[in-house]
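The block underneath contains the structure these notes are about, expressed in structure tokens.
What follows draws every value from the coordinates through simple rules; no lab data is involved. Since the model is a prediction, treat every value here as computed from it, not as a measurement. Backbone-built Cβ (ideal geometry, glycine too); neighbour counts: all protein chains shown.
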């Protein structure tokens, strides 16, 4: 995080449209890097080395790096797809594929989420590029939520993690689809375009520009941007993962309502990827099946690394509102489905 | 005008991914084996993008990177220079215990000699096997040392399904020998510690240790294998 503060050069380098960049801006990263090194050397001298070698801090580093490494292939896949969609796919393709009326496009987009077998990190940039190509945001958000939650890999791993209870798989499918469709409709009814960062409303291919060059630049920008936010999310998730004792949570497992909320909260802070969360849910044996369902419905849709990614892509004011609303809808949806099926 | 920073960042992350997948088994401290080829491809894609970025941005308006992209630097540098170790006793002591699935049947043990078991199978045989085939048998297990607050210690394994953030722990309580240093990987030989009824959930998942041998950390630290 402090890297961000100590290197104030990037925004300077970004906008200087009139007379080119000042001469100093290219040496500033070097100065920044040197001062960071100097700070590190100072910190090292004052005991940072010993602190970094503490068992809890080492576990934190491992979990942080693990979340980042695990998400990288999915993030790169997602930004490649989104770059390709923006540069090569004409807007009218989506207008033909999706129903004209947004209210109908939402459930179609929810079900289409089955087709993207990736984790949640891939779906954020793809949803972004769909919006840029003129897909109604409500449908793109329904897709964003359902893609990591209901794809075949996730459903299979759920079946493996809960052997002998196919109802858990069905409940997960139904509750996730319902949540994503409801969120799409909610956006249709209440969403405001100004919550979205302006860049999201840009169009893709510009006449006259090279499509390949647009693809490359789009990929480079989206990857670096989302990658930084991914690391931020991994920092936060690893902090909770390592430092919050599980015993605190287990003591809350007795009350049925509280246990649903506790596991929903755990899903937000742990940021386990959607292909693995069923195994974690299966291990939370002290909790009711409905609470574990809530863990699996909330996890792929709202978690710390995902919120960071959304804040980076769509803007902070969007990410906060959208994640809060999604969490509420997902918990209700899981509770109703669990009461009905489990 | 060239802007070098985006290319450098792409190169750094790409190099870090190639380093942990192609040169050694560092990646297996964080993720499972099946993801490894995808990580290597991802690293190659990023390095290619870095190379193209240098070529193309040479012509025209180079962009600085988004400010948050600097956050990619610490994990990438860490992987290149000082890769964090696999999770160990600190995590095992605080994790959810892994639930050992119900076994449909147990293969007959070899008729004589010591029995080499994974911690999963040992736990299952102790708590599920009605035939009690472990009774009186010498068992060999391996894992790492997790000291307990009461002075005793556990032999532990961490199991991971996707990445190290979802680890769950398997533990077997050790009796009769002093605890080696935390996180030491060991192979132990001993017999079931009689407490409760063998073959039921009342049986203690515990071992009376006769001998202990240090072993190097296995290549795949999160895969529960019987000792060789």
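Applying a 10 Å radius around every beta-carbon, put B:133-139, A:173-179 in order of their mean neighbour count, most first.
Details: B:133-139: 16.0, A:173-179: 24.1.
Averaged packing, sorted descending, gives the order A:173-179, B:133-139.
Suppose R0 equals 60 Å; then what is the FRET efficiency for residue A:244 and residue A:96 from their Cβ-Cβ distance, rounded to the nearest 0.05? Can you show the working numbers first?
Values: r = 49 Å, r/R0 = 0.81.
Computed FRET efficiency for residue A:244 and residue A:96: 0.80.
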Subject >> Viscosity 1.567 mPa s, 4 °C: Kirkwood-radius Stokes-Einstein D of the protein assembly as shown over Cα pairs, µm²/s >> reply: 51 µm²/s
**OP:** Once every Cα of the range B:5-84 carries one equal point scatterer and solvent is ignored, give the base-10 log of I(q)/I(0) from the Debye formula at q = 0.26 Å⁻¹, two decimals.
**Re:** -1.20
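Of all beta bridges DSSP finds with both residues in the protein assembly as shown, what is the antiparallel percent, to the nearest 5?
Among the beta bridges of the protein assembly as shown, antiparallel pairing accounts for roughly 80 percent.
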Original post:
Taking chain A as a Gaussian network, where each spring joins two C-alpha atoms under 10 Å apart, which residue of A:36, A:150, A:297 fluctuates the most?
Top reply: A:36
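Across the residues of A:89-98, average count of Cβ atoms on other protein chains within 10 Å?
Mean number of neighbouring Cβ atoms from other chains: 0.
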Original post:
Applying 1/(1 + (r/R0)^6) with R0 = 56 Å to the Cβ-Cβ distance of residue A:167 and residue B:55, what FRET efficiency is obtained, to the nearest 0.05?
Top reply: 0.50
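Whole number please: convex hull volume per residue of the Cα set in the range A:103-149, in Å³?
54 Å³
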Original post:
Which three semi-axes in whole Å describe the equivalent ellipsoid of the range A:206-259, each the square root of 5 times a Cα gyration tensor eigenvalue, listed largest first?
Top reply: 45, 14, 5
**OP:** Using every pair of alpha-carbon atoms in the range B:109-169, split the distances into 5 Å bins beginning at 0 and state the percent of pairs per bin, rounded to integers.
**Re:** 4, 14, 20, 20, 19, 14, 7, 3, 0
Original post:
So, in nm, how far is label residue A:103 from label residue A:36 when the simple model puts each one 7 Å beyond its Cα toward the Cβ?
Top reply: 5.2 nm
**OP:** Report, as an integer, the average count of C-beta atoms from other chains found within 10 Å of each Cβ along B:193-200.
**Re:** 0
Original post:
Evaluated at 20 °C with a viscosity of 1.002 mPa s, what Stokes-Einstein diffusion coefficient in µm²/s does the range A:78-189 have when Rh comes from the Kirkwood expression over alpha-carbon pairs?
Top reply: 151 µm²/s
Original post:
Can you give me the relative contact order of chain A as a percent, contacts being Cα pairs under 8 Å and 6 or more apart?
Top reply: 20 percent
Subject >> Ratio Rg/Rh, restricted to the range B:90-214 and using Cα atoms, in which Rh is the Kirkwood radius >> reply: 0.95
**OP:** For the range A:199-342, count the residues as N, evaluate 2.2 N^0.38 Å, and divide the Cα radius of gyration by that value, please.
**Re:** 1.27
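Quick one: compute the contact order of the range A:36-177, relative version, from alpha carbon pairs under 8 angstrom and 6+ residues apart, as a percent.
Value for the range A:36-177: 22 percent.
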**OP:** With springs only between Cα atoms under 10 Å apart, run a GNM on chain A and tell me which of A:88, A:215, A:287 wobbles the most.
**Re:** A:88
**OP:** Compute the Kirkwood hydrodynamic radius of chain A, taking the inverse of the mean of 1/r over all pairs of distinct Cα atoms, and give it in Å to one decimal.
**Re:** 21.4 Å
**OP:** Quote the FRET efficiency, to the nearest 0.05, computed for residue A:43 versus residue A:254 with a Förster distance R0 of 60 Å and r equal to the Cβ-Cβ distance.
**Re:** 0.85
**OP:** Would you mind telling me which residue in A:216, A:172, A:192 has the biggest mean-square fluctuation in a Gaussian network model of chain A, where springs connect alpha carbons within a distance under 10 angstrom?
**Re:** A:192
Original post:
Over the Cα atoms of the range B:37-141, what Rg and Dmax result, in angstrom?
Top reply: 25.9, 78
Subject >> Quotient of C-alpha Rg and 2.2 N^0.38 Å, computed over chain B >> reply: 1.35
Subject >> residue B:208 paired with residue B:130, simple spin-label distance in nm, labels 7 Å along Cα-to-beta-carbon >> reply: 2.8 nm
**OP:** Report the relative contact order of the range B:131-209, percent, no decimals, based on alpha-carbon pairs under 8 angstrom and at least 6 residues apart.
**Re:** 34 percent
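When Cβ neighbours within 10 Å are restricted to other protein chains, what is their mean count per residue of peptide B:40-49? Intermediate values should be presented prior to the final figure.
Details: counts 1, 3, 8, 3, 0, 7, 6, 0, 1, 8.
Mean shielding by partner chains, rounded to a whole number: 4.
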Subject >> Residue-averaged [θ]222 nm for chain B, counting only DSSP H segments that reach four residues, each worth -39500 (n - 2.57) >> reply: -9000 deg cm²/dmol
**OP:** With no solvent and one equal point scatterer placed on each C-alpha of the range B:78-125, evaluate the Debye formula and give log10 I(q)/I(0) for q = 0.14, 0.19, 0.31, 0.32 Å⁻¹, two decimals.
**Re:** -0.62, -0.81, -1.19, -1.22
